[in-house]
1. So which residues in the stretch 239-261 are out of contact with any helix residue (DSSP H, G or I) (no Cβ under 8 Å at 6 or more places or on another chain) and either on the phi < 0 side of the Ramachandran plot or outside the structural domain of R327 (by the TED database) (or both), if there are any at all?
2. Among the numbered conditions (1) surrounded by 19 or more Cβ atoms within 10 Å (Cβ to Cβ); (2) within 19 Å of T94 (Cα to Cα), tell me where Y143 comes up short.
3. Select from the stretch 306-327 the residues that are crowded, with 17+ Cβ neighbours inside 10 Å, more than 20 Å from the chain's Cα centre (by Cα) and part of a loop (DSSP other than H, G, I, E, B) and list them in ascending order.
4. Of the numbered conditions (1) crowded, with 16+ Cβ neighbours inside 10 Å; (2) of a type in the set (A, V, I, L, M, F, W, C); (3) within 29 Å of V140 (Cα to Cα); (4) without any contact (Cβ under 8 Å) to a residue 60 or more places away in the chain, V256 fails exactly one; give the number of that condition.
5. Which count do you get for residues in the stretch 272-305 that are in contact with an Asp or Glu (Cβ under 6 Å, 6 or more places away or on another chain) and open to solvent by 20 Å² or more (accessible area, probe 1.4 Å)?
6. Evaluate the stretch 57-78: report whether one residue or more is in a helix (DSSP H, G or I) and hydroxyl-bearing (S, T, Y).
7. Can you tell me which residues in the stretch 179-218 are free of Cβ contacts under 8 Å to residues at least 40 places away in the same chain, in a helix (DSSP H, G or I) and open to solvent by 10 Å² or more (accessible area, probe 1.4 Å)?
8. Would you mind finding the one in A240, A269 that is part of a helix (DSSP H, G or I), modelled with pLDDT of 95 or more and buried (at least 18 other Cβ atoms within 10 Å of the Cβ)?
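The values are calculated or read from the model by the stated rules, or taken from the named source; none is laboratory data. From a predicted model like this one, the values you see are computed outputs, not experimental measurements. Methodologically, a virtual Cβ is constructed for each residue, glycine included, from the backbone with ideal geometry; neighbour enumeration extends over all protein chains shown. Surface areas here come from the heavy atoms of the whole protein model, side chains and all, with no ligands, DNA or RNA. Shrake-Rupley method; radii C 1.70, N 1.55, O 1.52, S 1.80 Å.
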Amino acid sequence: MRFGDRSYEVLIGPGARSALPEVIAGLGARRVAVVSARPAEWVPDTGAETLLLPARDGEPDKNLATVEALCAAFVRFGLTRTDAVVSVGGGTTTDVVGLAAALYHRGVPVVHLPTSLLAQVDASVGGKTAVNLPEGKNLVGAYWQPAAVLCDTDYLTTLPPRELRNGLGEIARCHFIGAPDLHGLPLAEQIAVSVTLKAGIVSADERDTGQRHLLNYGHTLGHALEAATGFALRHGEGVAIGTVFAGLLAGTLGRVPPDRVREHRQVVASYGLPTALPDGVEPDALIALMRRDKKAVSGLTFVLDGPAGAELVADVPEAAVAETLARMERAPLDRLLTTDEQAVTAETRVAAT
């Protein structure tokens, strides 16, 4: 990732975690606080005095109380701004630890060791950190670029199929924002291409003032679905459904032809991802949640496909959004949560290559 003197490396492949001592030595850190949502044996040696703090992946702990507790532990450990913090876990752990590092002493170096596919292709890269409020997802956060990201694909061999599917939601949406040929590639290559795509966008627009909005393709409805289902739908699953919706909405607004609308559903389904809205989630509730989206500075706002590609579209008429939601397929929530293990396994068959 290129940010001048804040540039950093993203290492991808089996055994990438073994580079951690070299990274810590390069930072000159004498103490390291490792926040891990994984077993202790998953945490590599840091080469420095280390405090190991347990964490839990998942939305329930993605809040300001967790950030405060981490910062208090950093104080007790004697962590200084010349030391370092390391995250080991999935996307929510990456988000929480990244925010704690950004706030503690107004910023200490952080190194991410993402252990889920979702975290490797998205959450660990780009410097966005955030936690949730009762009123919505990712509403409190900061931009804080990591010192390094070590995407060890060996971690992925331990994941259950549904957790792999969670990451495939982010990979599928890349098809519509600049990486249309990922399906069928070895998983390590999919991760590398996704990270390269994101790196190019973020390097040009670190703070979401323009091009970086493209990375939120499918996320507006996705975040609303997460909240509306009490996070029974995971992030990547919500983004998958949100990507199908984005195609339909672009069609409703006359931005893309019907074959491009169908392509959205076909791509998402090819990864074994859900494509339908859950039964019992009312359109009015989803629209209310989408109005709170961070991008919504001028009415309902979405990243939508169009003649020139994806772009941010503001002031989308509520009637068009409601009409599109009404046209979406519906399915029982428990069916949406059931993983198509055959499709997911086929897509991730070479996770460690």
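1. R255, D259
2. Only one criterion is unmet by Y143, namely (1).
3. V316
4. For V256, the failing item is (3).
5. 2
6. yes
7. E189, V193, T196, L197, G200, A204, Q211
8. Matching residue, one of A240, A269: A240.
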